[in-house]
Amino acid sequence: MNYETIAVKSLTPHLGAEITGVDLGSGVSDQQFSEIHKAWLEWSVLVFRDQDISREAHKAFAKRFGHLHVHPLQHNRDGDPEILTVKTTANSAYTAGDGWHTDVTCDEKPPLGSMLYITETPECGGGDTLFADMYLAYDLLSDTMKNMLASLVAVHDGALPYVGSYNVAPADGSNYPRNEHPVIVTHPQTAKKILYVNSGFTSHIKGLKKWESRAILDALFRHIDSTPRLVCRVEWQPGTLTFWDNRCTQHHAVWDYHPHSRYGERVSIVGADRPCS
Ligand code: SIN
């Protein structure tokens, strides 16, 4: 694909690209926006380096793609509800996203994308994020498995990570979102098929015995975490912003830098559609 206002250098043959020629702090022109949008659909994970942006510029860039999302955990935190801070220190009990997941698939319309801007990286190195290509994860399944999964629907439950891993009960006594999505979905813009279950949020597959659901999900999760060719790896520097298509990728923040610290801020964009097959 030809680009006139940005340069695009792929990270792997199928997933991830570094974008140069863009200063997100000064805003992007309409043509740059349109080329970034094309590159995002083509590569799913875009990395912009050496960016110096305010929160307002971060949000303004995200708003070009849709309305901003408010994370279900935000009611426990102060500050701007549209900014999710990602902060890990020596005293952290966990680091957000330290496991394969797609963001907030417990929502009826999960975020279509997220932009993470990292401003502090661990001084010892480490703290990379792995991204996995869920188009390729689908393509690599056998036809028999694809056919079997095609009619299945899974439950995505916010309590699984937020209570189960982070031990954060909903402050107002309500429940975290819980929604059903097809196991195989179609990307609303590229029309390609995607394997759409993730170990962060997917609790079970409807209509199956408990052991059947567990066995199928565990096999799919193993497929994702033990197939290195699905993955691209983003190494951060202060000033790196990464924008992923949350509809067709999973990611895993690697916490390999304790007791050092890492800090960033994430803005996510509300999905326009319910995931559908
Ligand atoms: C997340 O959005 O899951 C966090 C990713 C990261 O910190 O690299």
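The set of residues in region 32-86 being among the polar types (S, T, N, Q) and without any contact (Cβ under 8 Å) to a residue 40 or more places away in the chain consists of Q32, S34, S54, Q74. Per the listing V254, V231, V270, the residue uniquely within 16 Å of the ligand (Cβ to nearest atom) and touching a Leu at 6+ places or on another chain (Cβ under 6 Å) is V231. Can you find a residue in region 173-193 that is among the β-branched types (V, I, T), more than 16 Å from the ligand (Cβ to nearest atom) and in a loop (DSSP other than H, G, I, E, B)? Yes, region 173-193 contains a residue that is among the β-branched types (V, I, T), more than 16 Å from the ligand (Cβ to nearest atom) and in a loop (DSSP other than H, G, I, E, B). Checking region 202-225 against the condition returns a match, with at least one residue being in contact (Cβ under 8 Å) with a residue 40 or more places away in the chain and closer than 20 Å to P72 by Cα.
Pairing each residue of region 114-129 that is more than 11 Å from D256 (Cα to Cα) and hydrophobic (A, V, I, L, M, F, W, C) with any residue that is part of a loop (DSSP other than H, G, I, E, B) and more than 12 Å from the ligand (Cβ to nearest atom), provided the two are 6+ apart or on different chains, yields C-beta distances under 7 Å for I118/P238. Would you check if there is a residue in region 205-218 being charged (D, E, K, R), away from the ligand (no atom under 16 Å from the Cβ), in contact with an Asp or Glu (Cβ under 8 Å, 6 or more places away or on another chain) and closer than 19 Å to A150 by Cα? Yes, because at least one residue in region 205-218 is charged (D, E, K, R), away from the ligand (no atom under 16 Å from the Cβ), in contact with an Asp or Glu (Cβ under 8 Å, 6 or more places away or on another chain) and closer than 19 Å to A150 by Cα. Scanning region 28-48 for residues that are part of a loop (DSSP other than H, G, I, E, B) and exposed (fewer than 14 other Cβ atoms within 10 Å of the Cβ) yields one hit, S29.
In region 101-124, the residue that is nearest to the ligand (Cβ to nearest atom) out of those that are assigned to a loop (DSSP other than H, G, I, E, B) and open to solvent by 30 Å² or more (accessible area, probe 1.4 Å) is T121. Please enumerate the residues belonging to region 125-149 that are among the polar types (S, T, N, Q) and within 15 Å of the ligand (Cβ to nearest atom). Result: T129, single match. If you filter region 125-138 down to residues that are more than 14 Å from the chain's Cα centre (by Cα) and under 17 Å from R222 (Cβ atoms), you find that the one that is least open to solvent (accessible area, probe 1.4 Å) is A137.
Among the residues of region 150-169, at least one is surrounded by fewer than 17 Cβ atoms within 10 Å (Cβ to Cβ), part of a helix (DSSP H, G or I), polar (S, T, N, Q) and in contact (Cβ under 8 Å) with a residue 12 or more places away in the chain. For region 49-80, a residue qualifies if it is basic (K, R) and either open to solvent by less than 50 Å² (accessible area, probe 1.4 Å) or not in a helix (DSSP H, G or I) (or both), and the qualifying residues are R49, K59, R64, R77. Residues in region 199-245 that are open to solvent by less than 70 Å² (accessible area, probe 1.4 Å), part of a loop (DSSP other than H, G, I, E, B) and in contact with a helix residue (DSSP H, G or I) (Cβ under 9 Å, 6 or more places away or on another chain): S199, G200, F201, L208, T227.
The values are calculated or read from the model by the stated rules, or taken from the named source; none is laboratory data. Because the structure is a prediction, the values reported are computed rather than measured. Methodologically, a virtual Cβ is constructed for each residue, glycine included, from the backbone with ideal geometry; neighbour enumeration extends over all protein chains shown. When the accessible area is computed, the model is the full protein with side chains, heavy atoms only, and any ligands, DNA or RNA have been set aside. Shrake-Rupley method; radii C 1.70, N 1.55, O 1.52, S 1.80 Å.
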